[in-house]
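The structure appears right after this line, and notes come after that.
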Amino acid sequence: MTESRGREPEEAAFRKLFEAEEAVGLAVLDTTGRILFANAALGRLCGAGPAPQAACPAASLFSAETAQGVAEIVRAALAGPPAPPAVLARLADTTLPADAQVEVACRPLRGEAGALLRVTDVTARRRMQAQMEEGARLQSVGRLAGGVAHDFNNLLAAITGAAEAALARGPDAPTAEDLRQIMDSASRGARLVKQLLAFASRQALAPRVLPLAETVEAMAPLLRRLIGGRHLLALDLPPAPGPRVRVDGSQLDQVLLNLAVNARDAMPAGGTIRVGIETLALTADRVEPGAVVPPGDWVVLTVEDSGRGIAPADLPRIFEPFFTTRRADGGTGLGLSTVLGIVRQSGGHVTVASRPGEGTAFRLWFPVAMEAVSVPAPVAVPATGAARSVLLVEDEAPLRRLAAHALKAAGHTVREAEDAEAALEAVADGFVPDVLVSDVTMPGDMDGIALADALRATVPGLGIILVSGYAERAVGEGVAGRGYSFLEKPFRMKALLAAIGTASS
Ligand SMILES: Nc1ncnc2c1ncn2[C@@H]1O[C@H](COP(=O)(O)OP(=O)(O)OP(=O)(O)O)[C@@H](O)[C@H]1O
Ligand SMILES: [Mg+2]
């Protein structure tokens, strides 16, 4: 650096500043784009690739595909102000992860020939961004699926109800057979809808605080039977009582089942499926494929196999509903979507680590529950079969007609209303219901919960049954907390009649 002779104190101060920068790689370039000197941070970033030595061209630090872009901004910066916009590039170090990326900026030096190169590692930031975008995408797919499933549910309820009613009229044998076929297909449709609602996190859940390890252990015999003799199930669980989580136990069983079946399918020649539980306290966001897990206390349930692994190109898609690489073997692609929906609805996250040919580990992150283990609610009093007067509020006419028909056939008195306003009018007119059966989502200003609240204040001892295709949590807080019963759509008329029998009055 002949130009700088005589300015040693300034240069020393500059170098100190330059070296103090720990995260950002910096290099001063000469008029030909070669490195004059670089800070230690740049050396660290370059890792196992070419070192940023004096006289080496700046562009040579980067991968073959991205070196050209860097060379261009170096040339532009050397031509003088203004500084060219920064570019994204990859360093030449081939041992870096496939998604490693740096942002490279270059600007002319002030009052001197040459340029300053800045290299910032943006891998973590871009991973976080990618995960956020991925999460948002799945959420909007979920909203769409949930909306379709909701409408579909109403159709299925109408189909099942009509078939049930026709069957109850005692048709001839072939007709009865056809009607049973219809009910059978509709209930298969209902199962599919249920999975979609699970993915959309809109399922009716009955969350309880439970010890995770015990729940997993209780499930182990069934899992072992399911995965068959060629596969081993190895549990690595903390000693009792272990951490607690707040989930719906039967949904958790479903989650374990889906993951175990996937693990088994990934190891067709047999192998070991490992299920482990650990607690982790995060002090910062944890970015992993599948999710950005925020800081907090987590219970992590891991299901791991040593199977074929997941191709990197498939990894971002595995949680999508209907994404499957096993279509020929009857895969529907709803297994992982269901897992994700259930875990999310329980306030958790799902992350995945996979290497093709080496295996896959799914990690389910549940918030640590601080409350005591909850005891299941006592079973409601059995049906008395007494005739009741029922206020039936449902905006879908066919569905309302069917339900009214079934209720009347069972000896109840029914007053139908198409929305909350009409229901209130009926009561104002002098109709005194024993039981309110109301859809939760309805047109008009009042939903079913608001209607129930209003009527309970005016009709003492009113039994309340809310009906919805959406999960309790999705339709509003405290359906159970208020002592209201909840019936999930589509329901069998039998279930409605049973609920009427047990509705408190
Ligand atoms: N443990 C695993 N190892 C390798 N690939 C997996 C594993 N788990 C899931 N996958 C991949 O993710 C895809 C989606 O899984 P998902 O459980 O949603 O559907 P599926 O298993 O294909 O079908 P279904 O669960 O409906 O029978 C699978 O087709 C497979 O490609
Ligand atoms: Mg599956």
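The values are calculated or read from the model by the stated rules, or taken from the named source; none is laboratory data. Bear in mind the structure is a predicted one, so any value in this text is a computation, not a measurement. Heads up, the Cβs are rebuilt from the backbone with ideal geometry, glycines too, and the neighbour counts pull from every protein chain shown. All accessible areas refer to the heavy atoms of the entire protein, side chains included, with ligands and DNA or RNA removed. Shrake-Rupley method; radii C 1.70, N 1.55, O 1.52, S 1.80 Å.
For the modelled label position 7 Å from the Cα of A98 along Cα-to-Cβ, which residues of the stretch 38-68 have backbone nitrogen atoms closer than 20 Å?
Under 20 Å, as judged by backbone N against the label point of A98, lie 63-66 of the stretch 38-68.
Using a simple charge model, +1 on the beta-carbon of Lys and Arg, -1 on the beta-carbon of Asp and Glu, nothing else, what dipole does the stretch 389-502 show about its Cα centre, in debye to the nearest 20?
Charge dipole, the stretch 389-502, about its Cα centre: 620 debye, nearest 20.
Work from the charge dipole of the chain (Cβ charges, +1 for Lys and Arg, -1 for Asp and Glu, about the Cα centre) and give the residue of S187, G309, I500 farthest towards its positive end.
The one lying farthest along the dipole's positive direction is G309.
In the chain, with Lys and Arg counted as +1 and Asp and Glu as -1 at Cβ, which of these residues, A403, P52, L197, has the Cα nearest the positive end of the dipole, that is, farthest along it?
Going by the charge dipole, the pick is P52.
Once each part is reduced to its C-alpha centroid, what is the distance from the stretch 66-87 to the stretch 179-193 in angstrom?
Answer, in whole Å: 64.
Loop only by DSSP, 15 or fewer other Cβ within 10 Å of the Cβ. Give me the trypsin sites (Lys or Arg not before Pro) in the stretch 283-343 that pass, ordered by residue number.
R326
Mind running the shape call on the stretch 389-502? Use the C-alpha gyration tensor, a ≥ b ≥ c as the square roots of the eigenvalues: rounded below 1.5 for a/c, prolate if a/b tops b/c, oblate otherwise.
rounded
Specify the inter-centroid distance of the stretch 124-170 and the stretch 29-50, based on alpha-carbon positions, in whole Å.
The stretch 124-170 and the stretch 29-50 have Cα centres separated by 54 Å.
With runs of 4+ DSSP H residues as the only contributors, calculate the mean residue ellipticity of the chain at 222 nm using -39,500 (n - 2.57) per run, divided by the residue total and rounded to the nearest 500.
Estimated from H runs of four or more residues: -13000 deg cm²/dmol.
If exposed means no more than 14 neighbouring beta carbons inside 10 Å and the site is in a DSSP loop, what's the longest run of the chain without any exposed GluC sites (Glu not before Pro)?
113-357
Give a quick list of trypsin sites (Lys or Arg not before Pro) in the stretch 141-197 that DSSP marks as loop, anything other than H, G, I, E or B, with at most 14 other Cβ atoms within 10 Å.
R169
In nm, give the distance between the simple-model label positions of T441 and E21, each being 7 Å from the Cα along the Cα-to-Cβ direction.
Simple spin-label model gives 5.3 nm for this pair.
For the chain, give me the percentage of DSSP beta bridges that are antiparallel, rounded to the nearest 5 percent.
70
Excluding same-chain pairs closer than 8 in sequence, count the lysine pairs in the chain whose Cα atoms lie under 28 Å apart.
Here the count comes out as 4.
Once a ≥ b ≥ c are taken as the square roots of the eigenvalues of the Cα gyration tensor of the chain, is the result rounded (a/c under 1.5), prolate (a/b larger than b/c) or oblate (a/b not larger than b/c)?
Verdict is prolate for the chain.
Report the extension gain between L36 and D453 in nm, rounded to one decimal, defined as 0.36 nm multiplied by the number of residues separating them, less their alpha carbon distance.
142.5 nm
Quick one: order D285, D419 from most to least accessible surface, probe 1.4 Å.
Per-residue accessible area, sorted high to low, gives D285, D419.
Going by the alpha-carbon gyration tensor, a ≥ b ≥ c the square roots of its eigenvalues, is the stretch 208-367 rounded (a/c under 1.5) or, if a/c is not under 1.5, prolate (a/b greater than b/c) versus oblate?
Oblate.
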